[in-house]
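Trainee: Here it is, the structure in full.
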Amino acid sequence: MLLKLTNTDLMARARGDLQMGLPVLIDGTLIWAAEALQPARFDEAKALGAPLALAITNWRAQTLKARAYDGDMARLELPQDADLAWLQAVSDPSTDLSSPMKGPFKSLRDDDSIAARLGILLIKHARLLPAALICKAPLDAVSPDITALDRVMVTQHLAVQTKLSPVVSARVPLSVSEAGRVHVFRPPNGGEEHYAVEIGQPDRNKPVLMRLHSACFTGDLLGSLKCDCGPQLRAALAQMGAEGSGVLLYLNQEGRGIGLSNKMRAYALQDQGFDTVEANHRLGFEDDERDFSIGAMILKEMGFSQLRLMTNNPAKIDKMQASGLDVVERVPLKVGESAHNKDYLSVKASKSGHIL
């Protein structure tokens, strides 16, 4: 007899199903990620004969001038003639300027919004656009193969910080210091791994020079000039090498936690004239979707309690201290400004509170 799936197993399966365009079931409501839907799956949804709706975040609703009766989100009734192109155009802002007339929209205003809200959160965790096709599932039309969740399970799973476990560490000589070591940490829920780069042998009883760095494929690897991430990464490691010790946490939270695909969508919107924050909002995301408590968890696991934190972002300091770590010094990291990213840095200061 096969082992029974745990709630963690079911949640991981649900994320994978959403990414593949399959529905998940939350308390009798079918949820599809609008971005991942294929024509055949959309036809299946319509064939159920139940009223369909598109759940989007309040930010996306503001862009579309749709009423968000649910507060943090809106549920838009699908017109009878709506096709998959309509659904995905409403979900994705890439065509907003070329096809601005998408409404008018009819927003639902009953109190049955919990499953849709949890569906959007799950879709965010799957690094997809936060837009969900939803409908009440006819009792005789749901396959037992569909991943079924309940609201208590989903709410508890999303509210509890998943513990990261150390997997392995090994010596990695670096250009800034031959005394480099990389530690790999992994959650048990199939989520992203995160890494700690340790320089030298930092004293666990003294404040450690450290950098909380979120992954930036374009800046860290490709040398993109649109941001200051690559220069910050290299400057932080160089300073740790010069001082003889330090820790750089490399957290896989690309694009302020929205994932690389959505980050590229945000870049496309920036080319249309929107700033970083505006682009994220048009996509349906918050200004910043990252979870800095992941970094605090890793530092505690490694035995650190006092930090000299290399950052220009006060939110990182607040999160470290709220997580029980003592930030004894903020070490500024002002590098990488160029003609290509001066507006980006200005928005960081004016809208995100960075000290630049």
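Trainee: Apply the a/c threshold of 1.5 to the C-alpha gyration tensor of segment 39-85 and tell me whether it is rounded, prolate or oblate.
Mentor: Details: a/c = 2.64, a/b = 2.18, b/c = 1.21.
Prolate, because a/c is 1.5 or more and a/b exceeds b/c.
Trainee: Quick one: which residues, 5+ away or cross-chain, put their amide H under 5 Å from the amide H of residue 209? H built at 1.01 Å from N.
Mentor: Counting only residues 5 or more places away or on other chains, the set is 247, 308.
Trainee: Probe radius 1.4 Å, ligands and nucleic acids ignored: give me the carbon and sulfur share of the accessible area of segment 176-284 as a rounded percent.
Mentor: Numbers: 2220 of 4220 Å².
Of the solvent-accessible surface of segment 176-284, carbon and sulfur hold 53 percent.
Trainee: So, one more: In the Gaussian network model of the chain, springs joining C-alpha atoms below 10 Å, which of 256, 211, 171 carries the largest mean-square fluctuation?
Mentor: The residue that fluctuates most here is 171.
Trainee: Let me ask another. What is the spin-label model distance, in nm, from residue 9 to residue 201 if the labels are put 7 Å beyond Cα along the C-beta direction?
Mentor: 4.4 nm
Trainee: In whole Hz, what ³J(HN,Hα) sequence does segment 36-44 give by Karplus (6.51, -1.76, 1.60; θ = phi - 60°), x for Gly and Pro?
Mentor: Once rounded to whole Hz, the list reads 8, 5, 9, x, 5, 5, 5, 4, 4.
Trainee: Counting pairs of Cα atoms in the chain, how many percent are more than 38 Å apart?
Mentor: Details: 15458 of 63190 pairs.
Across the chain, Cα pairs with separations above 38 Å total 24 percent.
Trainee: Pop out the ³J(HN,Hα) list for segment 307-318 in order, Karplus 6.51 cos²θ - 1.76 cosθ + 1.60 with θ = phi - 60°, rounded to Hz; leave Gly and Pro as x.
Mentor: After applying 6.51 cos²θ - 1.76 cosθ + 1.60, I find 10, 9, 8, 7, 6, 10, 10, x, 4, 5, 4, 4 Hz.
Trainee: Right, another one. What residues qualify as long-range amide H neighbours of residue 327, i.e. H under 5 Å apart, gap of 5 or more or another chain, H built at 1.01 Å from N?
Mentor: The answer is 307.
Trainee: With θ set to phi - 60°, apply the Karplus curve 6.51 cos²θ - 1.76 cosθ + 1.60 along segment 85-97 and write out the HN-Hα couplings as whole Hz, x wherever there is a Gly or Pro.
Mentor: So the Karplus estimates, Gly and Pro as x, are 4, 4, 4, 6, 5, 5, 6, 10, x, 4, 9, 4, 7 Hz.
Trainee: Now, a different point. Could you check what % of the DSSP bridge pairs in segment 162-299 are antiparallel, to the nearest 5? List each step's numbers first, then the result.
Mentor: Details: 17 of 22 bridges.
About 75 percent, rounded to the nearest 5.
Trainee: Which shape class, rounded, prolate or oblate, goes with segment 162-268 when its Cα gyration tensor gives a ≥ b ≥ c as root eigenvalues, a/c under 1.5 marks rounded, and past that a/b bigger than b/c marks prolate? Let's see the in-between values first.
Mentor: On the way: a/c = 2.29, a/b = 1.31, b/c = 1.75.
Cα axes put segment 162-268 in the oblate bin.
Trainee: Calculate the FRET efficiency for residue 252 and residue 140 from the Cβ-Cβ distance with a Förster distance of 51 Å, rounded to the nearest 0.05.
Mentor: Values: r = 42 Å, r/R0 = 0.82.
For residue 252 and residue 140, the calculated efficiency is 0.75.
Trainee: With all distinct Cα pairs included, what does the Kirkwood hydrodynamic radius of segment 68-114 come out to in Å, to one decimal, could you say?
Mentor: On the way: mean 1/r = 0.0841 Å⁻¹.
Computed over Cα pairs of segment 68-114, the Kirkwood hydrodynamic radius comes out at 11.9 Å.
Trainee: Most mobile of 222, 84, 212 per a Gaussian network model of the chain (Cα springs, under 10 Å)?
Mentor: 222
Trainee: Suppose the chain between residue 179 and residue 151 were pulled fully straight at 0.36 nm per residue; how much longer would it get relative to their current alpha carbon spacing?
Mentor: Residue separation times 0.36 nm, minus the Cα-Cα distance, leaves 5.3 nm.
Trainee: Under the definition of Cα pairs under 8 Å and six or more residues apart, what whole-number percent is the relative contact order of segment 218-260? Spell out each step's value before the answer.
Mentor: On the way: 20 pairs, mean separation 8.5, N = 43.
Dividing the mean separation by the residue count of segment 218-260 yields 20 percent.
Trainee: Can you give the FRET efficiency to the nearest 0.05 for residue 326 and residue 58, using r as the Cβ-Cβ distance and R₀ = 30 Å?
Mentor: Numbers: r = 36 Å, r/R0 = 1.22.
E(calc), rounded to 0.05, equals 0.25.
Trainee: Here's something else I'd like to know. Could you check the spin-label model distance between residue 167 and residue 27? Points 7 Å from the Cα along Cα→Cβ, value in nm.
Mentor: So the label points at residue 167 and residue 27 sit 3.5 nm apart.
Trainee: Across 10 Å bins from the origin, how do the percents of Cα pairs in segment 29-163 run, short distances first?
Mentor: 11, 44, 35, 9, 1
Trainee: With the crude spin-label approximation of a point 7 Å out along Cα→Cβ, what separation in nm comes out for residue 287 versus residue 158?
Mentor: Placing both labels 7 Å beyond Cα along the Cβ direction yields 2.2 nm.
Trainee: Right, something else. Using the Cα atoms as the points, what is the convex hull volume per residue of segment 226-356 in Å³? Walk me through the intermediate numbers first.
Mentor: Values: hull volume 13.9 nm³, N = 131.
Given the Cα convex hull of segment 226-356, per-residue volume reads 106 Å³.
The values are calculated or read from the model by the stated rules, or taken from the named source; none is laboratory data. None of these values were measured; they are calculated from a predicted model. FYI the Cβ positions are ideal-geometry reconstructions off the backbone, even for glycines, and counts take in every protein chain you see. Note: areas computed on protein heavy atoms with side chains; ligands, DNA, RNA excluded. Shrake-Rupley method; radii C 1.70, N 1.55, O 1.52, S 1.80 Å.
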